[in-house]
1. Quick one: in the range 60-79, which of the residues that are aliphatic (A, V, I, L, M) and surrounded by fewer than 20 Cβ atoms within 10 Å (Cβ to Cβ) is farthest from Thr124 (Cα to Cα)?
2. Which of the residues that make up the range 96-115 are surrounded by 13 or more Cβ atoms within 10 Å (Cβ to Cβ) and within 30 Å of Glu189 (Cα to Cα)?
3. Take the residues of the range 187-199 that are of a type outside the set (D, E, K, R), surrounded by 11 or more Cβ atoms within 10 Å (Cβ to Cβ) and modelled with pLDDT of 85 or more: which is farthest from the chain's Cα centre (by Cα)?
4. Output the residue which, of all residues in the range 155-164 that are surrounded by 12 or more Cβ atoms within 10 Å (Cβ to Cβ) and not in a helix (DSSP H, G or I), is modelled with the lowest pLDDT.
5. Of the numbered conditions (1) at pLDDT below 80; (2) within 24 Å of the chain's Cα centre (by Cα); (3) exposed (fewer than 10 other Cβ atoms within 10 Å of the Cβ), Ala178 fails exactly one; give the number of that condition.
6. Which of the residues belonging to the range 5-20 are within 13 Å of Val55 (Cβ to Cβ) and either assigned to a strand (DSSP E or B) or open to solvent by 80 Å² or more (accessible area, probe 1.4 Å) (or both)?
7. Using beta carbons and a limit of 8 Å, which pairs, at least six apart or on different chains, have the first residue in the range 187-206 and in contact (Cβ under 8 Å) with a residue 40 or more places away in the chain and the second one of a type in the set (Phe, Trp, Tyr) and open to solvent by less than 60 Å² (accessible area, probe 1.4 Å)?
Amino acid sequence: AREAVRTLSKQPQTIVVLLAFVNDLPGIFNEADALGLLSGSHAWIGSRSFSPASVNALVDAGRISNTTRDKLEGMLQAGHAPNTESFGLFKQSFARLSPKECEAMDPQLGGMEPSTFADPPENTAYAFDATATVALALREQREGNLTSANLSTAELLRRVSFEGASGAVSFGGEGHGAGDRNVASLSSELRSWRQEDGAGQLHYRP
């Protein structure tokens, strides 16, 4: 990661589109800071594979300095977000759950705090839709008396379509992107990283 940043520093381009995993971030940002690439000369746009919370955790672990984190304020992050209407309905349903209901479904879920259900993060919508996709595919297999001999699991999943917590869920069929989720129903967002709590913590701002 550090070598890639050194190579980048020698290029004339000043817009950086960063596709990286969380474990790569210390090497990338520490080297970029050392080379002056976080001092306003370059615009950074990140993917949704990491978040401000990821960087905050790395600072707490001593892998990124507070000074380097300060220079990441203003970084942009592009990606898809759950459909506003679909996610709103999901949040309403989620908020109606109670710790007792969860414990009744599975005793291992006992002892959950009521605040758990107050404001679910976006990734819960994707997790819900992923689980529902597998469940619907398995139901089709059972009800249609289909076996792996004539239809693979991947083919079953590609046949699934429904209105999910994050928006309409369906999958590409053939050619480039076959099997990928169709993202037309999702919202496209460009977010900015900001420090708002006086403690140096980075947060999203739409």
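1. Ala61
2. Of everything in the range 96-115, just one residue is surrounded by 13 or more Cβ atoms within 10 Å (Cβ to Cβ) and within 30 Å of Glu189 (Cα to Cα), namely Leu97.
3. Gln195
4. My answer is Arg159.
5. (3)
6. Leu18, the sole residue that qualifies.
7. Sorted first by the residue in the range 187-206, then by its partner, the pairs are Leu202/Trp193; His203/Trp193; Tyr204/Trp193.
To keep it simple, each residue is scored yes or no on (1) of a type in the set (S, T, N, Q); (2) under 22 Å from the mean Cα position of the chain (by Cα); (3) modelled with pLDDT under 95.
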residue	(1), (2), (3)
Asn23	yes, yes, yes
Ile28	no, yes, no
Leu37	no, no, no
Ser41	yes, no, yes
Ser47	yes, yes, yes
Ser54	yes, yes, yes
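The values are calculated or read from the model by the stated rules, or taken from the named source; none is laboratory data. Note that the structure is a prediction, hence the values are computed from the model and not measured. Note: ideal-geometry Cβ built from the backbone for every residue, glycine included; neighbour counts use all protein chains shown. Just so you know, the surface numbers come from the protein's heavy atoms only, side chains and all, with ligands and any DNA or RNA stripped out. Shrake-Rupley method; radii C 1.70, N 1.55, O 1.52, S 1.80 Å.
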